[in-house]
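The values are calculated or read from the model by the stated rules, or taken from the named source; none is laboratory data. Just so you know, these numbers come straight off a predicted model, no measurement behind them. As a convention, Cβ positions derive from the backbone with ideal geometry for all residues, glycine included, and neighbour counts pool all protein chains shown.
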DNA sequence: ATGGCTGCAAAGTGTTTGCATAGAC
DNA sequence: GTCTATGCAAACACTTTGCAGCCAT
């Protein structure tokens, strides 16, 4: 899980797509490659600002849109919160959100994915993408 | 699936909760009870206006919030669209959204639900609610 | 050099809220 | 009569956009 490598791969993917490599973008890529959580645009802006003082929030938004378009990052729209982002070098997974703490846990189930595909197929559809979120609460031990 | 009955039951649930029954609310309840689709606030406002001319959009929003709080309706936040609503007398189900047409298909899988509960339980969580959306496209026959 | 990228401010979209009045109980 | 619900307009949170100058290529 080498962060520098990951950042480099993301950069390369963009260059290949003919996207210009500005200071702002390099910094945002680095922040995204490093992030272990699921930060939103404002939080990303905050983190990038230490590397590129004065970078504007619109640039962050614009760059995020571009990165999403290139498939380099994923955008998640959880309930009642601004959009959150994560680099897409992670394996595909879904999210469990602790409604008390806001903590996000990743998980993946091949069996569920298979069932989803089956259900769609039965109705004559192909799944382009899906979204599955479990809003959960710590089991109370009684 | 009697619409009048459904509307009546929703009304009763509200009265029991001590919510005042205004013309506006009765009309909105009627529209919601009748709706076969998943209308958003603006569309609901449009439909209610024929019964209560001059009703304001804020009233629709406020009433929807109240109805949701009472558990009488559900709010769905699909990707890139305003929130959509449906009365909660339907059985629990999830949604498949045709990304080309916007059409919403309902479906339900006990097996998936069971797997979800298992996964959450393994990590020490109870599911409070979940959200599963399949963004699909008609299979092309080649 | 040129055309995409940036910062700024302004606009946009969907939704919520403060206030004075109207109307359900 | 009381107190909640309404309509209006203004505020809100998040995100996008128009524009003039900047900078990667």
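Below are the figures for this structure:
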{"quantity": "Of the criteria (1) surrounded by 15 or more Cβ atoms within 10 Å (Cβ to Cβ); (2) in a loop (DSSP other than H, G, I, E, B); (3) touching a helix residue (DSSP H, G or I) at 6+ places or on another chain (Cβ under 7 Å), which one residue A:82 fails", "calculated": "(1)"}
{"quantity": "Search result, residues across the stretch A:95-120 that are in contact (Cβ under 8 Å) with a residue 24 or more places away in the chain, surrounded by 12 or more Cβ atoms within 10 Å (Cβ to Cβ) and more than 9 Å from every other protein chain (Cβ to nearest Cβ)", "calculated": "A:95, A:97, A:104"}
{"quantity": "Candidates B:10, B:1, filtered to the one that is under 22 Å from residue B:95 (Cβ atoms), out of contact with any strand residue (DSSP E or B) (no Cβ under 6 Å at 6 or more places or on another chain), at pLDDT below 95 and not in a loop (DSSP other than H, G, I, E, B)", "calculated": "B:10"}
{"quantity": "Qualifying residue in the stretch B:54-61 (condition: more than 10 Å from DNA strand C (Cβ to nearest atom), modelled with pLDDT of 90 or more, touching a helix residue (DSSP H, G or I) at 6+ places or on another chain (Cβ under 8 Å) and closer than 30 Å to residue A:123 by Cβ)", "calculated": "no"}
